[in-house]
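J.: Before anything else, here's the structure in question.
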Amino acid sequence: MATTAGHEQHTPPHRVVVTGRGVVSPLAPDWPDTWAALVAGKSGIRDITGFEVGDLPVRIGGEVPGFEPERYLARHVVRRTDWTIQVVVAAARMALREAGIDIDDRLAPRVGVAVGSIIGCTRVASRNAMAMRDEGYAAVSPHVFPTMGISSAAEVCLELGARGPSAEMVAACATGTVCIGEAARWIGEGRADVVVAGGMDAFDRLELAAAARARVLSRRSGDPTAASRPFDQDRDGFVMGAGAGVLVLESAAHARRRGATVHAELAGYAATTDAHHLTAPSPDGAQAERAMRAALEAARATPADVGYINAHGTGTRLNDDTELTAIRRVYGDHTHRVPVSSTKSMTGHMLAAGGAVEAAVVTEAIGTGVVPPTLNCHSPADPAMNFVAHQAQEHDVEVGVSHSFGFGGHNAVLVLRRWRG
């Protein structure tokens, strides 16, 4: 910031673009196949087979099929790391490959990492606590202490060779979105040219049981693919999902210099907090509304400019009602024209990974003109709204929005725009 003739002169922030996407999801272990499954309206929700669920009231979830960590990490790293580290490193490598970026010694100091997880590496601690109880001190792995004390961002930096700013951020179910939004600020402020940003999570018996005890999970019996029902009047909770989502963000100038393909501009971001309740959203939706308006304002976009909203849409009674309230207030007459879908109907709620995966969905909707559907929306909460029920639709999306709302009242919104240079 400089001053001339008594007036402050602010250097405009660097524009931020998305050049790479990496996803590991319940639909597929990569982004192209995940996107194809979303457009086809396929569900990744199935009976859980990765651990014993016979004594639990919830026995379905979005486990990840076909993921092979050895394709992305050395075998000794796989042995010492938790699955959440493995999956986010894999997603980061895939995103960098799509972006066409090789982190060498020249670039490394200008590459940042911002990732986050809600559950983190707690499974490592739990397993070792049980091993110590059953077998004693010698059964505790020497890797437990550094795993608990070193953030996932540091692990990603170690694997990628990134030496710019790094942080692990946690904002409940808004984590992936917050990591992307704050990473964009690093680039806007000139602190980095490239940032690998997103989220990752996994679940085991403890997490599934805890969420079931909190009464936030669907207990629908029968077909697992029918359980995740965002914006449907018969919804009864979300379905747990696992995986990772990572975007490669770059300054527009850096992307232009190297001739990169740009998938979208990250034009706006805002975050607010309800300060209302530990788990329930504020029923008036005021802070969610404020985040939506602020993100649009940052992008210099109006509600009428928006061609698609990827909703948080978990399928819980309170969340969906609150989100719809905020959408109606912000979008007014445009509410019933803009397509609003929840891809959680297919992936389940991927926790910290959800917002990052859904931001990737928005970039693809902008690029392809295809909006993925909301499955199981047979009796829509608002029949006048376009929830893209059951089948994908074609729409010209110049501006797309992604919502993420989490426990503790975390609200975060991203606005992405078609890149026109």
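The values are calculated or read from the model by the stated rules, or taken from the named source; none is laboratory data. These figures come from a predicted structure and were not determined experimentally. Here Cβ is always computed from backbone atoms with ideal geometry, including for glycine, and neighbour counts include all displayed protein chains. Protein only, heavy atoms only, side chains kept; ligands, DNA and RNA dropped before computing areas. Shrake-Rupley method; radii C 1.70, N 1.55, O 1.52, S 1.80 Å.
J.: Show the residues, 5+ positions off or on another chain, whose built amide H is closer than 5 Å to the amide H of residue 389.
T.: 374
J.: How much FRET efficiency would the formula 1/(1 + (r/R0)^6) give for residue 305 and residue 390, where r is the Cβ-Cβ distance and R0 is 25 Å, rounded to 0.05? Don't jump to the answer; show the numbers that get you there.
T.: Working: r = 27 Å, r/R0 = 1.07.
Plugging the Cβ-Cβ distance into 1/(1 + (r/R0)^6) gives 0.40.
J.: Could I ask something else about it? What are the chymotrypsin sites (Phe, Trp or Tyr not before Pro) within the stretch 11-103 that DSSP puts in a loop, where the Cβ has at most 14 other Cβ atoms within 10 Å?
T.: Values: sites: 35, 51, 67, 72, 83; in loops: 51, 67, 72.
Sites meeting the loop and neighbour criteria: 51.
J.: Going through the stretch 46-129, which trypsin sites (Lys or Arg not before Pro) have at most 12 other Cβ atoms within 10 Å and a DSSP loop state? Write down the numbers at each step before the final one.
T.: Values: sites: 46, 59, 71, 75, 79, 80, 93, 97, 106, 110, 123, 127; in loops: 59, 106.
Answer by residue number: 106.
J.: Under a 1.4 Å probe, what is the accessible area of the stretch 251-323 per residue, stated in Å²?
T.: Numbers: 3200 Å² over 73 residues.
Ligands and nucleic acids excluded, the figure is 44 Å² per residue.
J.: Between residue 321 and residue 127, what FRET efficiency comes out of the Förster formula 1/(1 + (r/R0)^6) with R0 = 60 Å and r the beta carbon distance, rounded to 0.05?
T.: Values: r = 39 Å, r/R0 = 0.65.
Calculated transfer efficiency: 0.95.
J.: May I ask you to evaluate 6.51 cos²θ - 1.76 cosθ + 1.60, the Karplus curve with θ = phi - 60°, for each residue of the stretch 227-240 and list the ³J(HN,Hα) values in order in whole Hz, giving x for glycine and proline?
T.: Each residue of the stretch 227-240 in turn: 7, 8, 10, x, 6, 8, 5, 9, 5, 9, x, 8, 10, 5 Hz.
J.: Report the residues of the stretch 106-128 in range of a label on residue 163: point 7 Å along Cα→C-beta, backbone N strictly under 13 Å from it.
T.: 106-112
J.: Another question, if that's okay. Classify the stretch 269-326 as rounded, prolate or oblate, taking a ≥ b ≥ c as the square roots of the eigenvalues of its Cα gyration tensor: rounded when a/c is under 1.5, otherwise prolate if a/b is larger than b/c and oblate if not.
T.: Numbers: a/c = 2.57, a/b = 1.54, b/c = 1.67.
It comes out oblate by the Cα gyration axes.
J.: Report the FRET efficiency, 1/(1 + (r/R0)^6), for residue 108 and residue 379, where r is their Cβ-Cβ distance and R0 is 56 Å, rounded to 0.05. All intermediate terms of the calculation are to be shown ahead of the outcome.
T.: On the way: r = 53 Å, r/R0 = 0.94.
Efficiency computed from Cβ-Cβ geometry: 0.60.
J.: Rounded, prolate or oblate: which one fits the stretch 120-215, using the alpha carbon gyration tensor with axes a ≥ b ≥ c (rounded when a/c is under 1.5, else prolate when a/b beats b/c, else oblate)?
T.: Numbers: a/c = 4.17, a/b = 1.62, b/c = 2.57.
Note, shape of the stretch 120-215 comes out oblate.
J.: Run lengths n ≥ 4 of DSSP H only: what is the helix-derived mean residue ellipticity at 222 nm for the chain, with -39500 (n - 2.57) per run over all residues, to the nearest 500?
T.: Values: 13 runs with 138 residues, N = 421.
Taken over the chain, the calculation gives -10000 deg cm²/dmol.
J.: Counting only GluC sites (Glu not before Pro) that are in a DSSP loop and have at most 15 other C-beta atoms within 10 Å, tell me the longest site-free stretch of the chain.
T.: Details: sites that count: 52, 189, 398.
Longest stretch, sites excluded: 190-397.
J.: Continuing with the same structure: Cα-based Rg (one decimal) and Dmax (whole number) for the stretch 345-412, in Å?
T.: When restricted to Cα atoms, the stretch 345-412 yields Rg and Dmax of 12.9, 36 Å.
J.: What Rg and what Dmax come out for the stretch 228-351 when only alpha-carbon atoms are used, in angstroms?
T.: Answer for the stretch 228-351, Rg first and Dmax second: 16.4, 51 Å.
J.: Could you go through the stretch 90-100 in sequence order and give the Karplus-derived ³J(HN,Hα) for each residue, using 6.51 cos²θ - 1.76 cosθ + 1.60 with θ = phi - 60°, rounded to whole Hz, and x for Gly and Pro?
T.: 4, 4, 5, 5, 5, 5, 5, 5, 5, 6, x
J.: Another question, then. Around residue 120, under 15 Å between beta carbons, what's the net of Lys plus Arg minus Asp minus Glu among the other residues? Don't jump to the answer; show the numbers that get you there.
T.: Values: positive: 123, 127; negative: 82, 155, 168, 201, 204, 207.
Local net charge: -4.
J.: If a/c stays under 1.5 just call it rounded; otherwise compare a/b with b/c (prolate if a/b is bigger, oblate if not). Do that for the chain, with a ≥ b ≥ c from the square roots of the Cα gyration tensor eigenvalues. Walk me through the numbers on the way to the answer.
T.: Working: a/c = 1.61, a/b = 1.07, b/c = 1.50.
It is oblate, given that a/c is not under 1.5 and a/b is not larger than b/c.
J.: Here is a further query. State, to one decimal in nm, how far the label point of residue 234 lies from the label point of residue 71, with both points 7 Å from Cα in the Cβ direction.
T.: For the pair residue 234/residue 71, the computed spacing is 3.7 nm.
J.: Let me ask something else about it. Over the stretch 195-309, with every protein chain in place, what whole percent of the accessible area is carbon and sulfur at 1.4 Å, could you tell me? Please report the intermediate quantities before stating the final value.
T.: Details: 2250 of 4570 Å².
Of all accessible area on the stretch 195-309, carbon and sulfur atoms account for 49 percent.
J.: State the Cα centre-to-centre distance between the stretch 70-146 and the stretch 29-59 in whole Å.
T.: Result: 22 Å between the Cα centres.
J.: Residue by residue through the stretch 365-382, which ³J(HN,Hα) values in whole Hz follow from phi under the Karplus form 6.51 cos²θ - 1.76 cosθ + 1.60 (θ = phi - 60°), with glycine and proline marked x?
T.: My calculation for the stretch 365-382 gives 4, 5, x, 9, x, 10, 10, x, x, 9, 6, 6, 8, 7, 10, x, 4, 9 Hz in order.
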